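Student: Sharing a structure below in structure tokens format, with a few things to ask.
What follows is calculated from the coordinates using simple rules that are stated; it is not laboratory data. All figures in this text were calculated on a predicted structure; none of them were measured in a lab. Neighbour counts run over all protein chains shown; Cβ positions are idealised from the backbone, glycine included.
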Amino acid sequence: MHKYCLECEWQCSTADGRTEADVSEQAIEHFVETGHTVDSFRLPPPVIRLN
């Protein structure tokens with residue numbers, strides 16, 4: 001999951017090792033602190049390569 005601000009450069013992602021719950025909490029905190037609109041999209045699942 002990747003969340004980002006439509007009005008500034010703020011962003012947060014599960015690709016950084018955070019849980020979805022943490023990313024959502026960070027997005028809510030950003031909205032409450034700034035009033036900025038936050039949008040999101042789901043990241044594709046990781047590719048598993050078998051030898």
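Student: Give the residue from Met1, Val38, Ala27 lying farthest towards the positive end of the charge dipole for the chain; charges sit on Cβ (+1 for Lys and Arg, -1 for Asp and Glu) and the dipole is referred to the Cα centre.
Tutor: About the Cα centre, the residue reaching furthest to the positive side is Met1.
Student: Then there's this: May I ask you to list the trypsin sites (Lys or Arg not before Pro) in segment 2-48 that are in a DSSP loop and have at most 14 other Cβ atoms within 10 Å of their Cβ?
Tutor: Arg42
Student: Treating the angle as unsigned and between 0 and 90°, give the value, to the nearest 10°, between the Cα long axis of helix 20-34 and the longest Cα principal axis of the chain.
Tutor: The two axes meet at around 20 degrees.
Student: Work out, step by step, the length gained on full extension between Val47 and Glu33: first 0.36 nm times the residue separation, then minus their alpha carbon distance; give nm to one decimal.
Tutor: Full extension of this stretch gives 1.4 nm more.
Student: What's the magnitude of the charge dipole for the chain around its Cα centre, counting Lys and Arg as +1 and Asp and Glu as -1 at the beta-carbon? Answer in Debye, nearest 20.
Tutor: Computed charge dipole of the chain: roughly 400 debye.
Student: For the ranges 21-30, 8-17, what's the packing order if you count other beta-carbon atoms within 10 Å of each residue, average per peptide, and put the highest first?
Tutor: Top of the packing list down: 21-30, 8-17.
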